[in-house]
């Protein structure tokens, strides 16, 4: 599932909420938000909530790991930042920052990154 099938975080949230037949009011209640705030998030007038609420959204909507990753990527893009689940991982591992800088400096392309990710996934098997 790719992020580009959704226009933004709010679009993703609304579509997933509607797939689960959860009303906007009910979702707002579950998250401890006002319905107006929830509507503003879905319409892109407010930034996505913080990581704790994103986790709650993921559980409430029973998102798959892939869907959760898409949601987090969209939340990051909406905030003009990296996905909110990544900064701590990056900051706690100097080698990750070094790898990202190297990839940037060498202008690593999508195919190179896909190959790298596939190699990492193959280690699990």
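The values are calculated or read from the model by the stated rules, or taken from the named source; none is laboratory data. All figures in this text were calculated on a predicted structure; none of them were measured in a lab. When we count neighbours, we look across all protein chains shown, and the Cβ atoms used for this are built from the backbone with ideal geometry, even at glycine.
Here are the numbers for the structure shown:
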{"read-out": "Within segment 16-52, tally of residues that are closer than 19 Å to residue 67 by Cα and either loosely packed, with under 14 Cβ neighbours inside 10 Å or not assigned by TED's automatic domain parsing to the domain that holds residue 75 (or both)", "value": "6"}
{"read-out": "Helices (runs of 4 or more DSSP H) wholly inside segment 64-105 that include at least 3 residues being more than 16 Å from residue 53 (Cβ to Cβ) and without any contact (Cβ under 8 Å) to a residue 24 or more places away in the chain", "value": "87-91, 94-105"}
